[in-house]
Every structure is written in structure tokens, then in C-alpha cells.
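Before any comments, here is the structure.
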Amino acid sequence: MRKGVTPSAACLSALALCVGMAPAASAAAPKEPPPGRITIQVLSMNGSGCPPHTAAVAAAEDNTAFTVTYSEHTAQAGGNSSPADQRKFCQLDLGVHVPQGFTYAIAGTDYRGYAKLADGASGLVRAVYYHQGVSRTTSVSHTIHGKYSKSWQFTDRNPVAELVWKPCGEDRNFHIDAELRVDEGTSKPEETSFISFDSTDSRFGTVYHFEWKQCPGH
């Protein structure tokens with residue numbers, strides 16, 4: 001497991017990870033999601049895992065989360081794969097606009113996908129996300145070992161007392177770096193192994209859960 005700049009306690013189960021970060025802003029007591037609608041747009045996407053127009057974002061109607069989906073984010077190794085296929089990454093720059101007087105942090109994430117890994121091979125899921133101009137980041141990774149052939153899911157949750165908040169009253173883009181890797185390990189060279197983010201249904205993309213607070217003075 002890898003964590004952000006400021007480490008804290010973490011709890012790990014078979015397919016669930018809880019991580020924390022140090023607080024970065026003060027605000028009033030936790031609030032329900034703000035009224036009105038938040039808007040999120042993809043300002044840019046770069047990387048071998050997200051060619052143009054292959055990643056999308058959608059905010060939940062109740063303002064509790066947003067979902068990122070990828071349509072071509074798959075890493076593979078073995079068989080006829082090239083060395084470049086073994087690592088795929090995507091860097092997203094998101095414009096997140098929230099109602100005046102509110103700020104947000106990411107309370108947790110749900111990662112979902114599918115993997116087919118030969119005996120002896122392994123797949124890595126790694127993600128980093130942060131607010132523009134804020135030095136603290138969250139960086140977590142999960143490894144799946146072959147033989148494996150089914151859907152996977154990892155859930156990260158950040159304790160409320162240790163969240164990193166967008167500075168109140170400032171427009172800050174939100175950055176997401178998502179990476180997939182496959183290591184052939186001791187698998188047979190002719191066997192192809194792969195790991196992918198699931199994008200067959202937008203409800204099952206990577207979900208980022210909001211935590212909301214009202215800014216001081218509002």
C-alpha cells in the first residue's frame with residue numbers, strides 16, 4: 001500500500017482499504033450536500049490509458065459523488081503484447097464547480113474493473129488524486145495475483161477528521177492520475193494477462209464520494 005504525503009493509520013482487508021490524509025482547511029461542522037447542482041467537466045485528458053474522448057465524468061444527482069468511466073484503459077502482458085502495453089495511465093484535469101459558500105473533500109473511492117491474470121502474473125491498480133495547488137495528495141495501490149479471472153473491486157475510505165479540503169472561496173481544478181500495470185512474473189510467455197477498468201456501464205465506473213462542509217462566514 002502506498003499513501004499520500006502525510007501518512008496516517010490505514011486498515012486493509014481482502015478487497016477494502018481505508019486510508020487517511022492530514023487536514024488542509026478549516027470549515028464549519030459537516031453538512032448535507034449543498035442545494036442546487038454541482039457541475040464537473042473534463043478539461044483535459046492525457047496518457048496511454050485515455051486517448052481523446054475515451055474518459056467521461058458524471059456527477060450524482062444528489063451531489064454525493066461523481067463517477068469517472070474509461071473505455072480504453074486496459075494493460076496487458078504476455079502473448080503478443082508489446083512492452084508499452086504493460087503499463088497504461090491516464091491523467092485527468094477536472095473542473096469542479098460547487099455552490100457558493102461550500103467546500104468539499106473526497107471521503108472515499110470505489111474502484112471497479114475486470115482482470116484475467118495467468119498463474120504467476122499480477123496486476124496493479126494505482127491512483128493519485130489532489131486539488132490543484134495543494135501539496136497533499138492521496139496515493140494508493142492494490143495488487144491482484146493470478147491465477148485470477150473475474151471482476152475486482154477496491155474501496156478506499158478516508159476518516160472525516162483527516163480529509164484534505166479544497167480551499168474555501170477558490171476555484172481549484174481536481175486532478176486524477178489512474179494507472180494499471182501487468183507483470184508477467186512466472187507465467188508462461190504465451191499466456192496473455194490483462195487488467196482493465198470496467199466501463200460497460202457508467203454506474204460501475206470509478207466513484208469518488210464527496211464530503212461537504214460550509215465555509216466560515218456562510
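The values are calculated or read from the model by the stated rules, or taken from the named source; none is laboratory data. None of the values given here were measured: they were computed from a predicted structure. Every residue, glycine as well, gets a Cβ built from its backbone with ideal geometry; the counts of neighbours run over all protein chains shown. Protein only, heavy atoms only, side chains kept; ligands, DNA and RNA dropped before computing areas. Shrake-Rupley method; radii C 1.70, N 1.55, O 1.52, S 1.80 Å.
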Practice task
Filter the stretch 41-56 down to the residues that are outside any loop (DSSP other than H, G, I, E, B) and open to solvent by 30 Å² or more (accessible area, probe 1.4 Å), then identify the one that is farthest from ALA84 (Cα to Cα).
Solution key: GLN41
Practice task
Please specify each residue of the stretch 156-187 satisfying the condition of being open to solvent by less than 10 Å² (accessible area, probe 1.4 Å) and modelled with pLDDT of 95 or more.
Solution key: PHE174, ILE176, ALA178, LEU180, VAL182
Exercise for the section: Determine whether ALA105 is hydrophobic (A, V, I, L, M, F, W, C) and within 14 Å of ARG181 (Cβ to Cβ). Expected result: no
Exercise for the section: Kindly indicate whether any position in the stretch 142-150 is open to solvent by 70 Å² or more (accessible area, probe 1.4 Å), in contact (Cβ under 8 Å) with a residue 40 or more places away in the chain and not hydrophobic (A, V, I, L, M, F, W, C). Expected result: no
Exercise for the section: Return the only residue of LEU12, LEU17 being open to solvent by less than 30 Å² (accessible area, probe 1.4 Å), modelled with pLDDT under 90, touching a Cys at 6+ places or on another chain (Cβ under 8 Å) and within 25 Å of GLY146 (Cα to Cα). Expected result: LEU17
Fill in the blank from the handout: Subset of the stretch 97-134, residues in contact with a Lys or Arg (Cβ under 9 Å, 6 or more places away or on another chain), farther than 21 Å from GLY49 by Cβ and open to solvent by less than 40 Å² (accessible area, probe 1.4 Å), comes to VAL98, PRO99, PHE102, THR103, TYR104, ALA105, ALA107, GLY108, ALA118, GLY120, HIS131, VAL134
